[in-house]
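Taking it in order: structure first as structure tokens, then the write-up.
The values are calculated or read from the model by the stated rules, or taken from the named source; none is laboratory data. Because the structure is a prediction, the values reported are computed rather than measured. Glycine gets a Cβ as well: all are built from the backbone with ideal geometry, and neighbour counts include every protein chain shown. Areas reflect the complete protein model, heavy atoms only, side chains present, ligands, DNA and RNA absent. Shrake-Rupley method; radii C 1.70, N 1.55, O 1.52, S 1.80 Å.
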Amino acid sequence: MTPDDMKSPTTPTDDARGPKPSGAHPHVRRVFLGATATLSACVVVVAAIVMGGYFWASASIPTIPPLPPSASGSTGPQDIAGTCDERACNYLLLGSDSRKGLTPEELIAFGTDAHIGGENRSDTIILVHTRPDRKEVVFLSFPRDLWVDIPGMGEGKINSAFEGGVNGGGPQRVARTIRSISGMQIHHVLYVNLLGFQRVVDALGGVDMCVPYPMKDELTLLDIPAGCQHFDGRTALAYVRTRHQPCDTVPDFARISRQQQFLRAVIAKVLQPGELLKLQDLIPQLLGNLVVDQGLNPAELVYLAGLLKDVGTENADFRALPTVPEGIYDSNGTYVSIVRAIQPEADELMRRIREGKPLGDLGQELSQTPPSPANIVVSVVDRDGSSVATNVFDILTEGGFNTSPGIVDLTQIQPPTKGAMILYRPDAEDEAKVVGTYFGNLTLVPAPAGTLPKGQDVAVVVSGRYQIPPPNTDEPVDCPN
């Protein structure tokens, strides 16, 4: 990574975000950067796909072949429906650990397919549930070590359901497994291997990310400083795969947290008006690196755009199946690390998703793991219209936080305070600590009742005199969990 790839978090960005409205009361400050792009702009992308329909006929887009009934072994609904219904649409996103196409350096670090047993697994499993009546999208992550009953295979880790690849029924079997434990029909499946993930990120032009500490991992080739920087495909892959950082008490849970953080940063990037226009020319590159079900065609994408046209970035909800780490001995007497679903919380979360009910706080926490920035609703409170607030907001957005508009009533704080601070709901101290890793010179202050709007966890209060601290040069000593 070169110095040109780095972006100082204290340097104002070139894309001014407009005037900062003053509050109705001098001590009640509105968040000035709260305007959120909506997915209605996705229609632009979909229209480009449809008008360029020749692409679908001429390009080689890998697709998942349907299994014959004898191979599927399923007597119920189809594993992959191929078309959405009116109530909801469920997309299964899979990340395969296939090493195909990696560089020699990457193969040394990651190991070859032979080194991992000769079978590929889906180490990333995310069910994307779109619900038009609630104008929401839920991203539900399943830990790769979740111990489940895999149809046709018996009990095992859920990532092993992918074994056999496309022709062996892998994606279909994963879809059948998720349908079995969630009660939700899978309408479409998209999966990508390690190389494909890198190419998708590179096709997007990379992603700007802010991280609070320097991070290294020889097993994923991750080596980044703290601060705001540009992730190319290779760096992004290393970041979402790493699970050996100092605060990773439960490695796979920490990795899910970072994957959610990265996905929210990607959403924030893609939904910028200028970025959406660029996507018209990127569709072939993006889709050419994915393997999709045969039913995912332009008509289905138009339907998806219609479902999501009024969904804002603030309505992208990231959850993980409630689980707890455990260990068992297999039939050979070998100790195996697994995770088991926590009941009845796991079933209740999936029931609420299925029925379009409010999710509450189910699935927002992972055992022994700090809250993911993707699940922390934070606003920036500007005391005096300073440009530093713009920089703080950008750091939070590129840090993968759920940056939100809101009104914060500072008059509720007694005695009255001046200057910068991190306000938090009394039950959101863990969330405030995560925000504090980015702004180590700010004091954490519990917010009195009525200070923060409903649904908001944290507010970063700044003024023109506040100086954003330089990026950390050392690994964390005190972990925020």
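Quick notes
- The sole residue among Thr249, Thr235 that is touching a residue at least 60 places away in the same chain (Cβ under 8 Å) and part of a loop (DSSP other than H, G, I, E, B) is Thr249.
- Of the residues making up the stretch 132-147, those that are more than 14 Å from the chain's Cα centre (by Cα), part of a strand (DSSP E or B) and buried (at least 21 other Cβ atoms within 10 Å of the Cβ) number 1.
- The residues on offer are Val392, Val435, Val460, and the sole one that is over 17 Å from Gly227 (Cα atoms) and either under 26 Å from the mean Cα position of the chain (by Cα) or of a type in the set (Asp, Glu) (or both) is Val460.
- Residues of the stretch 376-404 that turn out to be in a helix (DSSP H, G or I) and open to solvent by 20 Å² or more (accessible area, probe 1.4 Å), as a count: 3
- Only listed residue being open to solvent by 30 Å² or more (accessible area, probe 1.4 Å), within 22 Å of Asp123 (Cα to Cα) and touching a strand residue (DSSP E or B) at 6+ places or on another chain (Cβ under 9 Å), chosen from Lys216, Lys269: Lys216
- Here the strands (runs of 3 or more DSSP E) wholly within the stretch 415-481 that include at least 1 residues being over 21 Å from Gln368 (Cα atoms) and in contact (Cβ under 8 Å) with a residue 60 or more places away in the chain are 458-462.
- Only one entry in Gly205, Gly227 is open to solvent by 20 Å² or more (accessible area, probe 1.4 Å), in contact (Cβ under 8 Å) with a residue 40 or more places away in the chain, out of contact with any Leu (no Cβ under 7 Å at 6 or more places or on another chain) and at positive phi, namely Gly205.
- Condition met for Pro446 (over 17 Å from Asp382 (Cβ atoms), open to solvent by 60 Å² or more (accessible area, probe 1.4 Å) and in contact with a helix residue (DSSP H, G or I) (Cβ under 9 Å, 6 or more places away or on another chain)): yes
- Test: residue in the stretch 180-188 that is surrounded by fewer than 21 Cβ atoms within 10 Å (Cβ to Cβ), in a strand (DSSP E or B), among the hydrophobic types (A, V, I, L, M, F, W, C) and in contact (Cβ under 8 Å) with a residue 24 or more places away in the chain: no
- Filtering the stretch 351-368 for residues that are touching a strand residue (DSSP E or B) at 6+ places or on another chain (Cβ under 6 Å), at negative phi, surrounded by fewer than 19 Cβ atoms within 10 Å (Cβ to Cβ) and at pLDDT 95 or above leaves an empty set.
- Unmet criterion (only one of (1) at pLDDT below 90; (2) open to solvent by less than 30 Å² (accessible area, probe 1.4 Å); (3) of a type outside the set (Lys, Arg)) for Val174: (1)
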